[in-house]
Amino acid sequence: MWFDLKARELGAIRPERISRKVASDRLHNLELSSSKDILSVHDSGINSLQVDKTEGRYLLSGASDGSVACYDTLHASTFDPTARSYQHKHVFKVDKRVRKGHKYAVSSVQWYPVDTGLFVTGSFDTHVNVWDTNNLQVELQYDMPGRVYSVSLSQIATSHLLIAVGSADSMVRLCDIATGACTHTLVGHRDAVLAVQWSVSSEWTLYTGSCDGAIRFWDIRRAGSYKVLDQDSSQMGRRPPVPKYSPESEWPVTSRTSKKLLKKAFGDKKSGMSTPPKRVHPGMASAQNYATAHNGAVKALLPTNDGHFLVSAGADSRVKLWDVESGCDTLVNYERMRLSGNRATQLGLSPDSSLLFIPTSTAIKVYNLWTGLLLKTLGGHYDDVNCCELHPYEQEMYSGSSDRKILVWSPPPPPQIDEDREEVCPVPRRLIVNFWSHMICQTKAKGASAGAGEFSARLDVDSWSDED
Amino acid sequence: MGRRQFGNGGADGGLAGGGTGGSGKVRKKNDENELGGEYDDRNRLADLVDSATNSPLLTLDDRSLAAFKALVRRSETNVHAAFELLYDKLKKNNSQVRYLSLLLMDELFTRSKLFRSLLVPVFENFLLLSVGFRSDYPLPPPEERAALLRKKAIEIVEKWNDMYGQHYKPLRLAYEYLKKTLRFEFPNARETATLAQQQRKERERRTQELLKKKFTSLKSEYPELRAEIHSTLEQINECVAILAEKKNGGDDQQEQFGFDSDEDEFEEYGARNLRSARGEVEEQETLAYETGENAALFDTLRDLYRLLTSRHLVSAQEWLSTLMRVDPEEERQARDTLLRDVIDLRNKVVKAREVCEGAGIERTEGASKSAADGDAEEIIWEEGDVLISNSAISELIEASGAAEPTEVKPVSEPTAEANTMELEKGKQAVINKADETEEDNSLKAQLLKQAPLLKWGQFLERWGSDRAIPANNRGLEFENHWGKVDYDVTIPAEKLAESSLNLRAVYYSAEKTEIPPCLAPLRNGGLCQRRDLKRCPFHGPIIPRDSTGKPLELEKPAKLPEVSKSSENTDELTSTLPSEPKHEELVQQAIANVRQKDEEFRKKVLEDKKSVRRERAKRAREHNEACLRAAAIGTTSEGLAEAFGQDVMAAESQPKKRRGGLAALLRKKPTVKDRLSRRLLSGRVRDATATQLARDEQAAYRESFPNQW
């Protein structure tokens, strides 16, 4: 680091490079934060977390008991001197006691992308609620035909304000906050939709992943999905030339079966069939495309920050990196991966899109996104980890688990200086050792059933008694 | 070599308990052969861990534990090695091995920082292996050890969290997870300890407060109370002094006989109290037979004594205890002076009591005397009132006349219960009575004459007693089975008065009457000895009979018309008849007669009906015969022979028909048919036969149902 600073002084390297390097170093060294605690107010497991992108300050959490809480990640409310950690208490909490509040588990939370005045929650009670942060009331409520697994708001949209909702129903619905009604119903999936993500490059593009293993790309201005990711197509090769307008080329379909169907649909003049071909709506053509991206439910989708790639996690314990443009699998192998269960999870991606955080059973695994190397396993939860969320601007990660904890993962604190150590331990060590050995002697004399003395907090030092 | 060193290590470990020298030596030795040491250490550690975890015991062997610790302490590599070995042991598929390795881990965890830093990153796995908190990773057998392992592990986790939780976040998280999410029950040793301590302190504080309050009140009240006690003491002293003077007077008389020489001793002792006590003793002996003003003096002394023992001494003791226990922060001086004073006072009181007791006044005597004083007697009198009916008392008074109090006393002396017992048991009372005086005897006899003889019951058990009785409030024989038992619970007397214990229960019992025998004459010449209430199953209703068994029919014809009246005239009848059984017999007789008459009437009616029916049948038969005869003449146009034989047949059939009637006719019919068929059984005349048969059938039909065509 000092070399880099020197080089920076000399002008050998660019200023942003050093900051990137520092940030990357910090991200690579994430560990369980010892100085920052978020005191979860939920009485059950945490299903979803999100830090607002506008300020990067408020962490929203949705839990299985139907409650939603918000934490200030910037300012601690109290300092716990015994654990020497800053404790972040919740700013607010809403649960089923609020009118129209969620009755069952909240599966997904999302801040309004423009400011923190609104947030959207989806719940297993088949409702999607739009909350007003200031008076903590439900402003809008959408009724879905089944459990809501995922809600998404486009971060870059300027011309629309649609909540994409994936639910137990096979149709993806788009709900307009402006009108308070459901505007689109996207038909194509054949099973519940667990993952819904807006593209970060195009405000009209939506990615959805379903329990039938399909990942579909939708252009919401057109009918039907325009792309179905196929796990078999991995040869990126040359990019196909941009074709002239034609109905076929407008809906590029990759699978052979659907090509045949299309052929049939549009009529094969060469074959000279007497019966007039049944004309299928061009949007519906892709509905016949049964290509799958995973051999199981698609649990999570996450586009990279530049919008060129899409990470998907499936119940077949595979995480795949897709090239958005071609719809091909990049075949990056994320090693020693284990995902299970047909439930939506939330993946984390570092702001520079270099590290992928995947919650596996009780740990979070950190991979290099591009190589698939397992860099680290972050263990600290004692139950299944459901979600992880990276702070958009700082090198910090938050993870929510079924053990009702929200853990903060941060780079290790700077090494303590000697003066501090002196302050911590003003008594000479020898004396302490003697004292403890004395205590141990006493407790031994008393017998196995020790009094309160045995349970007093101790310094984290070796405490061998002389008799050992 | 490893073996030998192991032996040394063990010996060192054993010595280590004595002092620090042993471990120092070990370290030195380790420095000497550092190169091969690590490998050997690891082997030895493995040996130690193996031997320690292979035992079936629940505790670790002290010697091997000490050796193990000493070995681990030597270097960081040893800590690493120990951690690996123990962790491997913890993975073994046996809860006992896991348990022992957990104990070893606890030993190292609380000592070595390195060990902690090694264990904490794998803490989740550690918990999985020791607590087994996830259902898909259950603890291995044996089960009871598994339970023990879990309990111990939870205990250890709590301990570690208390000790090092602030430094290791995973520890803290694990503890919170186990406690809050999985809701494991932690022993909560620290909290319970602190809680107990707090409670103790609180209790102490409260008692101290109370004591202080008492102390302040005592401080303010003390002069008064002291004066009071002093005045009592003064009075006692005066009384004793007067008695002593009197005694001296007596002594003068005795001295004339040259009897006593105690005067010198009084002078020698000089202690006034003691002297007076001695004097009192003498006094008591001499004054016991005296009456008059001496008695008054003794009475006051007795009163004073009672006051002294029941109030002053008790309060003095109480003050003493409060003063001794109270912890005065500022008023130590005041407390001390007060304490000294109270001790003084108490000693004085005790002395005075001794003096009084020396004078022969004792608590028991005082009680008996006071009982004899009169008020107690009155109470017993009242009880007597309840006991004996008013008339009895008045009689008694009349009988005994002027000697009333002396006579009553013996009655009132035994307790009320004893009295009732005597009354009930009667004979015993007589025996008791015999022991007593003449007057008493007569009185008791009179009382006994008056007393009703009652069946023993609970109401007699506590007749007239005012005592409360202990209540059996648990309803079960088992001690403490359903909870706390209060043995001192009693039912107060006034409640008892209302309750069923004081009520006399009377049960209905039928009077025994002899059932008379049937006495009907039997074939063998005897009389029926069956005893039935109303009706003998063999000889009918039981009626009065004479010695030979003949029923006594008393005025049977005369009574029959009177049956309707009998209910009205029962009184007259009973008065006229010589005895009650006779009357009953008569009534029975009358009933029997009526029944007989009814029976006869019924029979007659039946017979009439029968005869009418018979006549009707006869007429019908005659009519049938006439019809048949006519038919037979009309249909039998076949042969003359038959026509001639008709009369004979008719003459013959006459008696038959009379005998058998219609049924006989029907029975006869087939024979005719057979005869005809036999005669006409030829092919030639089949047609004719058919027509004839048809005709015959028609005839038969006519014959069989003569009155239907």
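Run the accessible area of the range B:106-184 with a 1.4 Å probe and give the carbon-and-sulfur part as a rounded percent.
That share works out to 51 percent.
How much length is gained if the chain between B:Arg306 and B:Lys213 is pulled fully straight, taking 0.36 nm per residue apart and subtracting their Cα-Cα distance, in nm to one decimal?
30.6 nm
When Cβ neighbours within 10 Å are restricted to other protein chains, what is their mean count per residue of peptide B:163-175?
For this peptide, the per-residue mean of nearby foreign Cβ atoms is 5.
At 1.4 Å probe size, with every protein chain present, just tell me what the per residue accessible area of the range B:63-115 comes to in Å².
Counting only protein heavy atoms, the per-residue value for the range B:63-115 is 31 Å².
Could you give the length gained on full extension between A:Ser35 and A:Asp143, defined as 0.36 nm per residue of separation minus the Cα-Cα distance, in nm?
34.7 nm
What is the local net charge at A:Lys100, summed over the other residues whose Cβ is closer than 14 Å to its Cβ (Lys, Arg +1; Asp, Glu -1)?
That works out to -1.
Would you rank B:Met105, A:Met337 by solvent-accessible area, highest first, keeping every protein chain in place and using a 1.4 Å probe?
A:Met337, B:Met105
Which of the pairs A:Lys21/A:Lys405; A:Lys376/B:Lys113; A:Lys21/A:Lys376 have their Cα atoms more than 21 Å apart in this structure?
A:Lys21/A:Lys405; A:Lys376/B:Lys113
So for each of B:124-133, A:93-102 I average, over its residues, the number of other beta carbons within 10 Å; can you give me the resulting order with the highest mean first?
B:124-133, A:93-102
Given H placed on each backbone N at 1.01 Å, which residues far from A:Ser150 in sequence or on other chains put an amide H within less than 5 Å of it?
Correct list: A:Gly166.
Take the solvent-accessible surface of the protein heavy atoms, probe 1.4 Å, and return the percent of it on the range A:355-419 that carbon and sulfur atoms account for.
With neighbouring chains kept in place, the figure for the range A:355-419 is 55 percent.
Whose amide H sits under 5 Å from the amide H of A:Cys328, counting only residues 5 or more places off or on another chain, with H placed in the peptide plane?
A:Asp323
Where only protein heavy atoms count, and the probe is 1.4 Å, what is the accessible area per residue for the range A:1-56 in Å²?
Using a 1.4 Å probe on heavy atoms only, each residue of the range A:1-56 averages 60 Å².
Per residue of B:110-118, how many C-beta atoms from partner chains lie within 10 Å of its own C-beta, taken as a mean?
If you average over the peptide's residues, the count of other-chain Cβ atoms is 3.
To the nearest 100 Å², how much accessible surface do chains A and B cover up together, summed over both, with a 1.4 Å probe?
3400 Å²
Along the Cα→Cβ direction, 7 angstrom out, place labels at B:Tyr701 and B:Ala620. What is the inter-label distance in nm?
Each label point is offset 7 Å from its Cα along the Cβ direction, giving 2.3 nm.
Could you work out the mean count of beta carbons from other protein chains within 10 Å of each residue's beta carbon in A:380-392?
Neighbouring Cβ atoms belonging to other protein chains average 2 per residue here.
Students often get this wrong, so check it: of B:Lys92/B:Lys180; B:Lys455/B:Lys495; B:Lys89/B:Lys169; A:Lys36/B:Lys180, which have C-alpha atoms separated by over 27 Å?
Where the Cα-Cα span goes over 27 Å, the pairs concerned are B:Lys92/B:Lys180.
How much length is gained if the chain between B:Thr59 and B:Gln450 is pulled fully straight, taking 0.36 nm per residue apart and subtracting their Cα-Cα distance, in nm to one decimal?
Full-extension gain reported as 132.3 nm.
Set the Förster radius R0 to 30 Å, insert the Cβ-Cβ distance between A:Arg190 and A:Asn333 as r into 1/(1 + (r/R0)^6), and round the FRET efficiency to 0.05.
The pair A:Arg190/A:Asn333 has a calculated efficiency of 0.60.
By accessible area of protein heavy atoms, probe 1.4 Å, what ranking do B:Glu224, B:Glu329 get, highest first?
I get B:Glu224, B:Glu329, largest accessible area first.
The values are calculated or read from the model by the stated rules, or taken from the named source; none is laboratory data. These numbers were taken from a predicted model, which means no experiment stands behind them. Note: ideal-geometry Cβ built from the backbone for every residue, glycine included; neighbour counts use all protein chains shown. Only protein heavy atoms, including side chains, enter the accessible area calculation; ligands, DNA and RNA are left aside. Shrake-Rupley method; radii C 1.70, N 1.55, O 1.52, S 1.80 Å.
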